[in-house]
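Reading through the C-alpha cells given below for one structure.
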Amino acid sequence: MVHTKEQLAMQILTSQRKQRADFIIRNAQVADVFSLRWIYADIVITNGVIIAVDEHGLFEAAHSEDANGRFVIPGLIDGHIHIESSLVTPSEFSRVLLPHGVTTVITDPHEIANVAGAEGIQFMIDDASECKMDIFVMLPSSVPATPFEHAGATLRASDLQPFFANESVLGLAEVMDFPSVLNAESEIVDKLLMAQQANVIIDGHCAGLNADQIRGYRAAGIHTDHECVTAEEALDRVSQGMHVLIREGSAAKNLRALLPAVTAHNARRFLFCTDDKHLDELLDEGSIDHAIRLAIQEGMDPLQAIQLATINAAECYRLDNKGAIASGFIADLVMIDDLENFRALSVWKDGVKVAENGQMLSPRQEMNEPSSRITQTVHLPELTVDDFAIPFTNKGLAHVMEIIPDQLMTNKKVMQVPIENGLFIQNVQQDLLKLAVIERHHGLGTIGLGIVNGFGLKCGAVATTVAHDSHNVIVLGVNDIDMLIAAKELQHMQGGFVIVNEGKVLASLALPIAGLMTDRPAAETVADLDKLHSALHELHPELDFHLFLTLSFLSLPVIPELKLTDTGLFDVNEFRHISIQVD
C-alpha cells in the first residue's frame, strides 16, 4: 500500500493522538500472532493502516464498531493456489472467499498459461486487479510441465521477464521439472537465475524427492514445498531451510498427516495452502479457514493455527505489512465469535468492511470480455471409436494406473487385463477402465491411451479439459462410444466437464475461458456442478471421493508413479514413456 505524503503524515499524527483516527474496532480480543496471546483492546485504523492496538481506550475516531469481546484476527492468507481450479475468474473467486476471511492469496496461473501462454497470465493479472482481495502472482516456471507432452504454449525466461515489472508479481512459481533442475539444464537455470537476479521468491514442487534431491533444490535457490505427504518429508524440508506449505484442497488432503511435524520450535516454517479446490467446496467450507478448523480439531492451539494462516504466510512471501494486527500493518481483519467453529462474522479489507455474515457487501461487477484466443482453445481432430482402441500382442499383461482417491499420486501396477480380438476391453467387475488424453491446442492429433483401476464407474464416460498441467482433453470410460461422444461434446462447448451414458449427455458445465473457467456467477456455476455430481452417482452410486479432481491429475507427469499424457503412458519414477503392454 503506497501512501501520499499527506496520508503518511496523517498516520503519524494519529499515532500520537494529535488527530482522530478514521475508524476503531472497540473491545476486541485481538490475536497477537507474534507472541501467541490474546489482547483485549481497540484496533485503531487510518488510511487502511493499523495505527495502534490500544489497551486503554485512549484513541478517538470518526467511526467505530463494538466487537463486544469477539475475537479479531488478521486476514487469512493462502500461500499457494491455482485460481483456475475454482472454475471461476479471479474477480469471482475473491467474492467467494472474502466472506470466509481470506483477504490475500498467492496464485500460480500456470493452468491458463499452459493453454494461452503470456496472454493467459495477463488475463489473470488484469482480472485480479479489479478485486477487493489482494491476489499476488507467482510466474509459471514450467510451461509445459515436461517436454513429454503438448501444451498450448511454451514460456521461456524471456517471456516471463517483463512480468516482474508488475507489483502484483512476487516470484517464480512451483518448479516441477525436477530432472531439469537436478541436471542443471540450461532453460530452467535461465529461469532460476532470472528470479535470483530479480531478488524474488522461488517456489518448489518436490513430490517424492529424497533428501539428496532436496539439497539440489536448495542449491538452486528454491525455498518452499507444498507437495509433502508425510511428516517425515516435511521435517526433512524444514531441516534444509525450506518453508512447508500444508496443503488441504479437494484432491490432495495432507493436513492431518503433516500436523505432527509442527512443533513449538519449528512452527514458523509452516503455513497453509489449498493448491487446487473446487468451487462448491470453497463456497461450503472455505479454504484457509477450513484448514484452521481442521488443525484445531486435531489438537493445535487456535493461536498457533492462526499464526500459520497469517504472519507465517506473509513472512514467507515477503509481504511485510500483512499478516498481523499491529502498528503499521494493513488493516485486513476478520471477526469471529467461536474459535472452534471458526466462521467469519465480518471481514475488513484495507480498513473497510467488505463482507458480513457470509455475504459480500458490494454488488458483482461484469468482467471484460476476453479475447477469442482465450475463449476458443479446444481444437480436436476428427475422432472415431477406433481412436480409443488399445491393441495387445501378448495375452493381456499390462501396466495399469491405480488411482488413490483424494490424492495426486497413483500406483503403477502390473495386471492381467481382459483381451478380445487383440484389443483391451473395459471390465466393470475388475474395475478396469479406459483412459484417453487427446491434444486439444494445436490440432496435432496425438492421443495417449491407458488402463486405469480404482474409479469404480459402472457405466458411461466422463471427460474434461481440466487436465493438469497441459489441460488437454482427458476422457474416462466404460465403453468407447460414450467416450467419443463425451470428447465431441467438449469440442462443442469449448471446454468444461461432461458426463455421458448410453449415448446421451447427462450433465455438463461449460468452461469457455481457456477450457478452465466460466464467466458466470458462482451460484449458477455451483448449480451446474450439483447436476454433474448427481449424474456421476448414476455412473457410480457408491462414489465417495472427488472424481473429477482426481481424474484431472492423471495427466500430470511430475507426480509419481504412473501418468498419461497425449503422447502416451509415462513412468514418473523412471521419467520416461513406457508401453501399456508388458513385454
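Here the chain carries DSSP beta bridges of which approximately 70% are antiparallel, counting only pairs with both residues inside.
Compared with the dominant principal axis of the Cα atoms in the chain, helix 288-297 is inclined by about 90°.
The order of Thr224, Thr46, going from fewest to most other C-beta atoms within 10 Å of their C-beta, is Thr46, Thr224.
Here the Debye sum runs over all C-alpha atoms of segment 41-147 as equal scatterers in vacuum, and log10 of I(q)/I(0) at q = 0.13, 0.17, 0.18, 0.24 Å⁻¹ comes out as -0.61, -0.83, -0.88, -1.27. All alpha carbon pair distances within segment 5-69 were sorted into 10 Å bins beginning at 0; the resulting P(r) in whole percents reads 24, 51, 23, 2.
What does the charge count near Gly75 come to, summing +1 for each Lys or Arg and -1 for each Asp or Glu among other residues with Cβ under 13 Å from its Cβ? For residues surrounding Gly75, the net value is -1. The mean sequence separation of alpha-carbon pairs under 8 Å and at least six residues apart, normalised by the residue count of the chain, gives a relative contact order of 15 percent.
Helix-only estimate, please: 222 nm mean residue ellipticity of the chain, summing -39500 (n - 2.57) across DSSP H runs of length 4 or more and dividing by its residues, to the nearest 500.
Values: 17 runs with 154 residues, N = 583.
So the helix-based figure for the chain works out to -7500 deg cm²/dmol.
In what order do Glu6, Glu402, Glu92 fall by count of nearby beta-carbon atoms within 10 Å, going from fewest to most? Can you show the working numbers first?
Working: Glu6 9, Glu402 16, Glu92 24.
Sorted ascending by nearby Cβ count, the order is Glu6, Glu402, Glu92.
Only Cα pairs under 8 Å and 6+ residues apart enter the sum, and on that basis the relative contact order of segment 35-104 stands at 22 percent. Across segment 78-289, Cα-Cα distances exceeding 27 Å account for 29% of all pairs. The local environment of Leu319, defined by Cβ-Cβ distances under 11 Å, has a net charge of -2 under the rule Lys, Arg +1 and Asp, Glu -1. Charge tally around Gln359: other residues with Cβ under 14 Å, Lys/Arg +1 each, Asp/Glu -1 each, net +4. Debye-formula intensities of segment 336-495, expressed as log10 I(q)/I(0) at q = 0.17, 0.20 Å⁻¹, are -0.98, -1.23 (one equal scatterer per alpha-carbon, no solvent).
Starting from the Cα coordinates of the chain, work out the convex hull volume and express it per residue in Å³. Don't skip to the answer; put the middle values down first.
Numbers: hull volume 84.0 nm³, N = 583.
Taking the convex hull of the Cα positions in the chain, it is 144 Å³ per residue.
Listed from fewest to most Cβ neighbours within 10 Å, the set His379, His399 follows the order His379, His399. Taking every DSSP bridge with both residues inside segment 78-289, close to 5 percent are antiparallel.
Read-outs: derived from the displayed coordinates by stated rules, not from any lab. The structure presented is a predicted model; accordingly, all values stated were derived computationally and were not measured. Positions of Cβ are backbone-derived with ideal geometry, glycine not excepted, and every protein chain shown enters the neighbour counts.
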